[in-house]
Amino acid sequence: ADHSNQDRVLAFTHGGIIQHLLAVLMDSERLWGVSVRNTAVFDFTLDVERWHQDGITMTDSTLWRINRFNDASHLG
């Protein structure tokens, strides 16, 4: 809530937290059984300025986007 759409937030975490984040973004109670590769990159774009507006749900695809998902291409 303390960030704007122009901010970049970088987080380093374990795969379980990434799975929880995916469930929250998809408005699902299910934790996804994604096998997260070590050092994989997940890049999300969020519209934080509209995130908490009345009538908006997290399933609104204009609020967030996954740009890179479990990308480990840097490992070669």
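The values are calculated or read from the model by the stated rules, or taken from the named source; none is laboratory data. For clarity, every value in this text was computed on a predicted model and none was experimentally measured. Keep in mind that these areas ignore ligands, DNA and RNA; they rest on the heavy atoms of the full protein, side chains included. Shrake-Rupley method; radii C 1.70, N 1.55, O 1.52, S 1.80 Å.
Structure summary
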item	result
The range 4-76 - accessible surface per residue (Å², probe 1.4 Å)	77 Å²
Calculated [θ] (222 nm, deg cm²/dmol) that DSSP helices of n ≥ 4 give over the chain, each run adding -39,500 (n - 2.57)	-4500 deg cm²/dmol
Solvent-accessible surface (1.4 angstrom probe) belonging to residue 73, in square angstrom, nearest 10	90 Å²
Matching label, Cα extents along the principal axes in Å computed from the structure shown, candidates (i) 41, 24, 24; (ii) 42, 29, 19; (iii) 38, 28, 22	(ii)
Share of carbon and sulfur in the accessible heavy-atom surface of the chain [1.4 Å probe, %]	51 percent
